[in-house]
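For reference, the structure is listed below as structure tokens.
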Amino acid sequence: MPKPPKVSRRNIAIHCLKCRTLLYRYLKAGSGGLVKCFVERITEDRTAGDLRCPGCGQEFARLRMIRGKPAHKIISGKIFTRGMTRK
Ligand SMILES: [Zn+2]
């Protein structure tokens with residue numbers, strides 16, 4: 001059995017840019033900017049699951065299927081990320 005390649009993973013917090021409400025915590029793989037969130041890697045969800053901010057109601061992502069898995073594609077300019085602590 002080949003070992004899976006080592007991928008750096010960071011636990012990040014995703015906030016609404018408009019009202020700063022925490023939307024969810026997410027286990028991000030690799031480096032670079034956040035474009036999409038795989039649903040299976042969301043570790044803590046503060047939304048109602050409708051891809052809208054519970055604080056101000058703005059839509060911040062759209063549901064897409066990426067490689068057969070549901071993912072939230074982030075709408076640019078709607079969120080900001082915090083806490084890039086290494087795992
Ligand atoms: Zn908001």
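The values are calculated or read from the model by the stated rules, or taken from the named source; none is laboratory data. Values in this document were obtained by computation on a predicted structure and should not be read as measured data. Note that we place each Cβ from the backbone using ideal geometry, even for glycine, and neighbour counts take in every protein chain shown. Accessible surface areas use protein heavy atoms only, side chains included; no ligands, DNA or RNA. Shrake-Rupley method; radii C 1.70, N 1.55, O 1.52, S 1.80 Å.
Some notes on this structure:
- Among the residues of the range 12-31, those identified as open to solvent by less than 50 Å² (accessible area, probe 1.4 Å), more than 16 Å from the ligand (Cβ to nearest atom) and either more than 12 Å from the chain's Cα centre (by Cα) or farther than 17 Å from Pro70 by Cα (or both) are Ile12, Gly30.
- Across the range 49-86, the number of residues qualifying as over 21 Å from Arg10 (Cα atoms), more than 10 Å from the ligand (Cβ to nearest atom) and touching a residue at least 40 places away in the same chain (Cβ under 8 Å) comes to 1.
- Set Arg64, Arg82: member being open to solvent by 90 Å² or more (accessible area, probe 1.4 Å), in a strand (DSSP E or B) and within 22 Å of Cys19 (Cβ to Cβ): Arg82
- Output for the range 32-48, where each listed residue is within 12 Å of the ligand (Cβ to nearest atom) and of a type outside the set (Ser, Thr, Tyr): Arg46
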